[in-house]
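Below is one structure; the comments refer to it alone.
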Amino acid sequence: MTVMEQRGAYRPSPPPAWQPRTDPAPLLPDAEPYRVLGTEAAAKADPALLRRLYAELVRGRRYNAQATALTKQGRLAVYPSSTGQEACEVAAALALEERDWLFPSYRDTLAAVARGLDPVQALTLLRGDWHTGYDPHEHRVAPLCTPLATQLPHAVGLAHAARLKGDDVVALAMVGDGGSSEGDFHEALNFAAVWQAPVVFLVQNNGFAISVPLAKQTAAPSLAHKAVGYGMPGRLVDGNDAAAVHEVLRAAIRHAREGGGPTLIEAITYRVDAHTNADDATRYRGDAEVEAWRAHDPIALLEHELTERHLIDDDGIRHASEAAEAMAADLRERMNQDPVLDPMDLFAHVYAEPTPQLREQQALLAAELAAEQEGGHR
Ligand SMILES: Cc1ncc(C[n+]2csc(CCOP(=O)(O)OP(=O)(O)O)c2C)c(N)n1
């Protein structure tokens, strides 16, 4: 039959039936970020949890101030402060079970410390040392990740592997709003949704990626809306409301643990300090914006709730502040000691089998160090 004859025989017919593979409605985020503090939902929050969150928030803010001071004293190379974002940090750590894993970015030192990591070890990388500074397996905290969003596929891989092995483990991956534009973000969310991996993605939308505001980062209605395109639920939460962040994370972690697959949570918050000590935030944002966010401060919000409901008194507030001071004094003292480093360590863990070039460089450095030592003894 010729093409012309075929055309003549062709009878238009409707395509095979199509319908969405899942109902998108339940995946959509609510119109407003979820809040607990100052709402009726606060009455249902566990007082012991609120007090614990408060103590961690106060300690976290003091940690940020102390670490920033250490950069000025030359004891730390760089510090990305999370002041203003402490509720996300602390709630993330406390929402996980001990057996779960946290995959933090460079800004998430507080989450790592709230999970039990030694405050000094959490700063090892930022002090310019070559390694992570801690054993990730000890507290199930992956290395603080500087390349944007690379921690996300790592989290998915761990979570997926755990499920294949039958281990009851959920991974929580933290990322910034800027990180959501990376290819790794797309690949991680797509893979996690297709394989229903037990992983929760927490985007801290703190308004900026260094100097780039969210409006230049995405045209999506919200970052939480991106979840629908991957086929997972998207949730919006007030990132300065520690009780709300904890509740939303707990629900998503439970959902993942029960086999329900991943969730994308966008926490709306604000980076009150500059990007790092090396950044001048006055060049790209005004004081009025910062002041508006200071008025919605995570510590003040929770302290107000606790005092209004007589869940904490002046002694309790003083105790939290004294504990934070003691942590800061210890951090100061230990960070002021010169680290004992062996330059030869540079060659360890690079390759299982060092290359000839690396061996040559290793020998060269060893000789230089030996000569230097000899010179010193003379
Ligand atoms: C792959 C990659 N590209 C660029 C950078 C440089 N960089 C470091 S932080 C940053 C901004 C990230 O912003 P965001 O993800 O919103 O996180 P925030 O710093 O606000 O917590 C950029 C572009 C990097 N670290 N990694």
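Derivation of every value follows stated rules applied to the coordinates shown; laboratory data play no part. The structure displayed is predicted, hence computed values, not measured ones. Because the Cβ atoms are built from the backbone with ideal geometry, glycine has one as well, and the counts that use them run over all protein chains shown.
Place +1 on the Cβ of every Lys and Arg and -1 on the Cβ of every Asp and Glu in region 243-378, take the dipole about the Cα centre, and give the residue among ALA256, LEU341, TRP293 whose Cα lies farthest towards its positive end.
ALA256
Show me the trypsin sites (Lys or Arg not before Pro) within region 80-159 that DSSP assigns to loop and that have at most 16 other Cβ atoms within 10 Å of their Cβ.
Qualifying residues, ordered by number: ARG99.
Cα centroids of region 175-217 and region 50-88: how far apart, whole angstrom?
Cα centres, region 175-217 to region 50-88: 23 Å.
Report, in debye and to the nearest 20, how large the dipole of region 291-373 comes out about its Cα centre when Lys and Arg carry +1 and Asp and Glu carry -1 on their Cβ.
280 debye
What is the spin-label model distance, in nm, from TRP293 to TRP195 if the labels are put 7 Å beyond Cα along the C-beta direction?
Distance between the two pseudo-spin positions: 3.5 nm.
Kindly identify region 25-335 as rounded, prolate or oblate by the Cα gyration tensor criterion: order the square roots of the eigenvalues as a ≥ b ≥ c, call it rounded if a/c is under 1.5, otherwise compare a/b with b/c, prolate if a/b is larger, else oblate.
Here region 25-335 falls in the rounded category.
If you filter region 253-361 for GluC sites (Glu not before Pro), then keep DSSP loop positions with at most 12 other Cβ within 10 Å, what is left?
The qualifying sites are GLU258.
What ranking do 40-50, 86-96, 205-215, 177-187 get when scored by the average of other Cβ atoms within 10 Å per residue, highest first?
The densest-packed peptide leads the list: 86-96, 177-187, 205-215, 40-50.
To the nearest 20 debye, what charge dipole does the chain have about its Cα centre, counting +1 at the Cβ of each Lys and Arg and -1 at the Cβ of each Asp and Glu?
The calculation lands at about 1040 debye.
Would you please give the FRET efficiency between ALA352 and SER13, computed as 1/(1 + (r/R0)^6) with r the Cβ-Cβ distance and R0 = 56 Å, to the nearest 0.05?
0.40
If each residue of separation counts as 0.36 nm, what is the full-extension length gain between GLU322 and ALA43 once their alpha-carbon separation is subtracted?
Working: separation 279, 0.36 × 279 = 100.44 nm, distance 2.79 nm.
Between GLU322 and ALA43, full extension yields 97.6 nm more.
Between ASP338 and ALA31, what length comes free when the chain is fully extended (0.36 nm per residue of separation minus the Cα-Cα distance, one decimal in nm)?
Once the chain is fully extended between ASP338 and ALA31, it gains 105.4 nm.
Of PRO119, PRO143, LEU364, which is farthest on the positive side of the dipole of the chain, counting Cα position, with +1 on Lys and Arg Cβ, -1 on Asp and Glu Cβ, and the Cα centre as origin?
PRO143
When ranked by the protection proxy of mean other Cβ atoms within 10 Å per residue, highest first, what sequence do the peptides 10-22, 268-280, 338-350 form?
268-280, 338-350, 10-22
Evaluate the charge dipole of region 1-148 about its Cα centre and quote only its size in Debye, nearest 20, assuming +1 on the Cβ of each Lys and Arg and -1 on the Cβ of each Asp and Glu.
Working: 17 positive and 17 negative charges, 69 e Å.
The dipole of region 1-148 has a size of about 340 debye.
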